[in-house]
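First the structure, in the form of structure tokens, and then the observations on it.
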Amino acid sequence: HFLATDSILLGGTEEQRQRWLPGAAQGERLGAFALTEPGAGSNPAEISTRATRGSQGWRIHGTKHFITNGGAADFIIVFAKTDPAAGHRGISAFYVPRSAQGLTLEKPEPILGVRASHIVELQFDECMVPHDHLLGDEPKTSSERAKLGDALAALKREDPTFQCRFDSETGETII
């Protein structure tokens, strides 16, 4: 649960935090964190789940497995590639209500030991979520990042004293 709520706390906008965190903090809503995939494990760079922006929202397609609380969660934080060309920087997180069309919960995984957790596989078959369910801001595409780099290089040529730095972790330009 805390990985899902921390994702909202750290990656969501102020409006998203106000909308989704109070119910989770009060124990009224349970969250799940969906990163792990068949063939990728928990390596984000290898995930194959995709999210495509459309006029009505985001369409998510892919499979997540071994998702703790997946069978009981009210919402799921799902990681998907929005810009496959950008590698691990092209991954975004989405708030997906359990009731979302196109989301299917498979049978619980057989586990040993503690069995109180609902561990399931999740199938996203053109699962549609509204635009505002993307955590944080719209992702920048590879071409947008390249254009920004070209523009900064041109500024540097015009004014050799111009100083800026691109933070590759956050994707922000610091001038």
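The values are calculated or read from the model by the stated rules, or taken from the named source; none is laboratory data. These figures come from a predicted structure and were not determined experimentally. Positions of Cβ are generated from backbone atoms using ideal geometry, with glycine treated the same way; all protein chains shown enter the neighbour counts. Only protein heavy atoms, including side chains, enter the accessible area calculation; ligands, DNA and RNA are left aside. Shrake-Rupley method; radii C 1.70, N 1.55, O 1.52, S 1.80 Å.
Some points to look at:
- Out of Leu103, Leu155, Leu112, one residue alone is modelled with pLDDT under 95 and either open to solvent by less than 90 Å² (accessible area, probe 1.4 Å) or touching an Asp or Glu at 6+ places or on another chain (Cβ under 7 Å) (or both). It is Leu155.
- Hits in segment 43-67 (condition: part of a loop (DSSP other than H, G, I, E, B) and closer than 20 Å to Leu105 by Cβ): Ile47, Ser48, Thr49
- Checked against the criterion of being of a type in the set (Phe, Trp, Tyr), surrounded by fewer than 16 Cβ atoms within 10 Å (Cβ to Cβ) and over 17 Å from Gln101 (Cβ atoms), segment 15-23 has no qualifying residue.
- For segment 81-98, taking the residues that are at pLDDT below 95 and hydroxyl-bearing (Ser, Thr, Tyr), the one that is farthest from the chain's Cα centre (by Cα) is identified as Thr82.
- Odd one out for Ile60, checked against (1) out of contact with any Gly (no Cβ under 8 Å at 6 or more places or on another chain); (2) under 17 Å from Gly136 (Cβ atoms): (1)
- Unique residue being part of a loop (DSSP other than H, G, I, E, B) and open to solvent by 30 Å² or more (accessible area, probe 1.4 Å) when the list is Gly70, Gly39: Gly39
- Unmet requirement for Pro44, which otherwise passes all of (1) modelled with pLDDT of 90 or more; (2) in contact with a strand residue (DSSP E or B) (Cβ under 6 Å, 6 or more places away or on another chain): (1)
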